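The values are calculated or read from the model by the stated rules, or taken from the named source; none is laboratory data. Please read these numbers as outputs of a predicted model, since none were measured by experiment. Note: ideal-geometry Cβ built from the backbone for every residue, glycine included; neighbour counts use all protein chains shown.
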Amino acid sequence: MALDDLSLNIEDGALYGFVGPNGAGKTTAIKIMTGIMYPDGGSLILNDSEVGPGSRALKESIGYVPDSFGVYSNLKVSEYMGFFAACAGIEGLEARKRTETLLKYVELSDREDFYVEALSRGMKQRLSLARALIPDPPILIMDEPTSGLDPRTRYEFKQLVGELSDNGKTIVISSHILSDISELCTDVAIIDEGKIVMSGRLMEVMKLVTSGNPIVISVNGAVNRTVQFLKEEPLVSTVTVKRNDIMISFNGKTDDEEILLRHMIEAGLPVRNFSREKSSLESIFMQLTGHGEERIAASSDDYEI
Amino acid sequence: MKFDPIIKRDIKVSSRGPGFMALIMVINVILCGAGLLGVFGRLTGMNAYGRIDPGQLLYVYMMVAGIMAVFTILVLPGRTTGIITSERDSGTLDLMIAAGLSPAGIITGKYLSSLLFGIVAVFSCFPALIIPLIYGGVGFSACLLLLMSFLPTAALVLAIGVFASSAARTSSSAAAMAYGIIIALVAGPVLIAFLVNPVIPDGSNYMAYSVLLCPGVPSVSLILDQTGNGEFIDLFFSYLGLVPNAVFMSYITLFSSVTELVMMAAFLIGAGVNITPKRRYR
């Protein structure tokens, strides 16, 4: 089973990041949302009313940018746009106007007589975005849109996505590039083995996970004495030393953290820094998708006491 | 009037590549070559008698039409065995469905653009077909009728290719599937009739009707009829131990054409079902 009781609630105007490891079910979920694939059960609710999978209402509301570009050989850029405009029922002068506007928007106006297969990867991705915008859908769903793009093209593409979001589009982005998601998105859902393991406002998710992060303590020398002190503290479960930094798993609340710090100072330990490790989307992803151990094991300087 | 976007695009793309024209040229070169060589050979033989016998040239007409039937059955499916698999590989099938086209619309558009190619390919053979008729034998309208009899067969084999393309994952496995179906349709009914006849001789005449499933029966039966060799059909059935009724024998071209068109529709419906979102990812 690719998806298991998966439920997503995407607010109007959100820039929604959809992340998960390979095989987690992201593409399956996206294909169901776009009507390319039908679910075994469940429902799709759009603007408070249920829409059938693959229904006209759903297709008219969603623009889809797949992970593969979906291009035809021997077809020019303007013809490619014209074809998909005709598929969406837009033809003649209106189709030409729409094509011109969108190609200008994605900065491909000067390439309209080029064959699609001759375009660079970044241009193809921009063309794919222009194609998805032909029927002017309120929702855009993008599967790995920045994957394989060079840094400049990725930056430009993110700018375009940001502009679309500012213009009121609801955007769902599935990506492996977590820095892009944390940079762009307002909301995030993390999927693993077909289930949502965490979702919500990006900042809230970060805050929630940060409270469970280890405390990093830096001391000026006296590492062994500090470790010995910490091992005797009842709320400290593990102590890990990384050069001059000591990381502890602490089971107490914020007040308990203050008490611990005070005890350390009273014991004459030379504490230079005492703080919760900051979470990044990457660290959240690693924790929630069960790959946290891999990251710790990857650093040979670390040892646990 | 709105023109189907898939037909429009496929015609544009086909016209840009050399494949379409090259294939028609090769087919016509072979047919014209066979026709000219046949006519030359027969005329050389007639030289000895000092008079021209158009009846002799009808055998050349039969040969050219026979080669055409073989080309129709063997070459045309190759035009459609890749049409859905290539869309699937490039991700454009998903895009068309997401853009609002229905599976039936996609299959119809892809099929009709291939059928247009098939019609052009069949009618392009007209000059080759009339080469053996320079001294008469079969009329102009009969010649056109023969070309038209190829159309149901072309429609059927193209539909088989579309069906295989929708069911298979790769173009090569689609080609294998399409030719497998065609071989089964050509050989199956004959083989079944041959095997069933000794077991149930009384009911075996019904097996004669299964011959209608063979692609190419309309044109083959019409060629034999036009050239005065209709008895070959009787001989074929008697070889299988079958005696079909007179009405069936009189209208075998019509019956087989209708059967081919019904089968074409069935294969296209099957192809449409194969690409519906419910079925594609199972």
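Those helices (runs of 4 or more DSSP H) of the stretch B:62-127 in which 1 or more residues are within 28 Å of B:Gly35 (Cβ to Cβ) and touching a residue at least 12 places away in the same chain (Cβ under 8 Å) occupy B:77-80, B:103-123. Within the stretch A:109-134, being more than 18 Å from A:Glu79 (Cβ to Cβ) and buried (at least 19 other Cβ atoms within 10 Å of the Cβ) holds for one residue alone: A:Gln125. The set of residues in the stretch B:53-98 that are within 14 Å of another protein chain (Cβ to nearest Cβ), surrounded by 21 or more Cβ atoms within 10 Å (Cβ to Cβ), out of contact with any strand residue (DSSP E or B) (no Cβ under 8 Å at 6 or more places or on another chain) and over 22 Å from B:Ala184 (Cβ atoms) comprises B:Glu87, B:Thr92, B:Leu93, B:Met96, B:Ile97.
What do you reckon, is B:Asp10 surrounded by 15 or more Cβ atoms within 10 Å (Cβ to Cβ), part of a helix (DSSP H, G or I) and touching a residue at least 24 places away in the same chain (Cβ under 8 Å)? Yes. Scanning the stretch A:271-289 for residues that are surrounded by fewer than 14 Cβ atoms within 10 Å (Cβ to Cβ) and at pLDDT 85 or above, we see that the one that is nearest to the chain's Cα centre (by Cα) is A:Ser275. For the stretch B:3-61, residues that are of a type in the set (S, T, N, Q) and closer than 25 Å to B:Met96 by Cα total 2.
Against the conditions (1) within 13 Å of chain B (Cβ to nearest Cβ); (2) over 24 Å from A:Pro138 (Cβ atoms); (3) touching a strand residue (DSSP E or B) at 6+ places or on another chain (Cβ under 6 Å); (4) among the small types (Gly, Ala, Ser), A:Ala57 satisfies every one except (2).
Scanning the stretch B:99-126 for residues that are within 14 Å of another protein chain (Cβ to nearest Cβ) and not hydrophobic (A, V, I, L, M, F, W, C), we see that the one that is surrounded by the fewest Cβ atoms within 10 Å (Cβ to Cβ) is B:Ser102. All conditions but one from (1) in contact with a helix residue (DSSP H, G or I) (Cβ under 7 Å, 6 or more places away or on another chain); (2) within 30 Å of A:Glu282 (Cβ to Cβ) apply to A:Gly54; the one that does not is (2).
Rundown of residues vs (1) of a type outside the set (A, V, I, L, M, F, W, C); (2) under 19 Å from the mean Cα position of the chain (by Cα), yes/no style:
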| site | (1), (2) |
| --- | --- |
| B:Ile84 | no, no |
| B:Arg88 | yes, no |
| B:Leu101 | no, no |
| B:Lys110 | yes, yes |
| B:Ala128 | no, yes |
| B:Ile131 | no, no |
| B:Ile134 | no, no |
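The set of residues from the stretch B:14-23 being surrounded by 16 or more Cβ atoms within 10 Å (Cβ to Cβ) and modelled with pLDDT of 85 or more comprises just one member, B:Leu23. For A:Ser147, are the conditions met, namely being out of contact with any helix residue (DSSP H, G or I) (no Cβ under 8 Å at 6 or more places or on another chain) and either of a type in the set (S, T, N, Q) or crowded, with 22+ Cβ neighbours inside 10 Å (or both)? Against the criterion (out of contact with any helix residue (DSSP H, G or I) (no Cβ under 8 Å at 6 or more places or on another chain) and either of a type in the set (S, T, N, Q) or crowded, with 22+ Cβ neighbours inside 10 Å (or both)), A:Ser147 qualifies. None of B:Ile27, B:Ile52 is part of a helix (DSSP H, G or I), among the β-branched types (Val, Ile, Thr) and in contact (Cβ under 8 Å) with a residue 60 or more places away in the chain except B:Ile27. The set of residues in the stretch A:63-74 that are facing another protein chain (nearest Cβ under 7 Å) and either surrounded by 23 or more Cβ atoms within 10 Å (Cβ to Cβ) or in a helix (DSSP H, G or I) (or both) comprises A:Tyr64, A:Pro66, A:Gly70. Under the condition of being of a type in the set (Ser, Thr, Tyr) and out of contact with any Asp or Glu (no Cβ under 9 Å at 6 or more places or on another chain), which residue from the stretch A:26-49 is farthest from the other protein chains (Cβ to nearest Cβ)? If we take residues in the stretch A:26-49 being of a type in the set (Ser, Thr, Tyr) and out of contact with any Asp or Glu (no Cβ under 9 Å at 6 or more places or on another chain), then A:Ser49 is farthest from the other protein chains (Cβ to nearest Cβ). Scanning the stretch A:10-25 for residues being within 19 Å of A:Ala132 (Cα to Cα), buried (at least 20 other Cβ atoms within 10 Å of the Cβ) and either within 14 Å of chain B (Cβ to nearest Cβ) or touching an Asp or Glu at 6+ places or on another chain (Cβ under 8 Å) (or both) gives a total of 3.
When the stretch A:130-141 is filtered for residues that are touching a Gly at 6+ places or on another chain (Cβ under 8 Å) and more than 11 Å from chain B (Cβ to nearest Cβ), the ones remaining, listed by number, are A:Leu133, A:Pro138, A:Ile139, A:Leu140. Checking the stated criteria, B:Ile183 turns out not to satisfy the condition of being surrounded by 15 or more Cβ atoms within 10 Å (Cβ to Cβ) and among the β-branched types (Val, Ile, Thr).
Counting only helices (runs of 4 or more DSSP H) that sit wholly inside the stretch B:210-282, those with at least 1 residues that are away from chain A (no Cβ under 14 Å) and surrounded by fewer than 16 Cβ atoms within 10 Å (Cβ to Cβ) are B:231-239, B:246-250, B:252-274. Scan the stretch A:101-118 and tell me whether some residue there is within 14 Å of chain B (Cβ to nearest Cβ) and free of Cβ contacts under 8 Å to residues at least 24 places away in the same chain. Yes: one or more hits.
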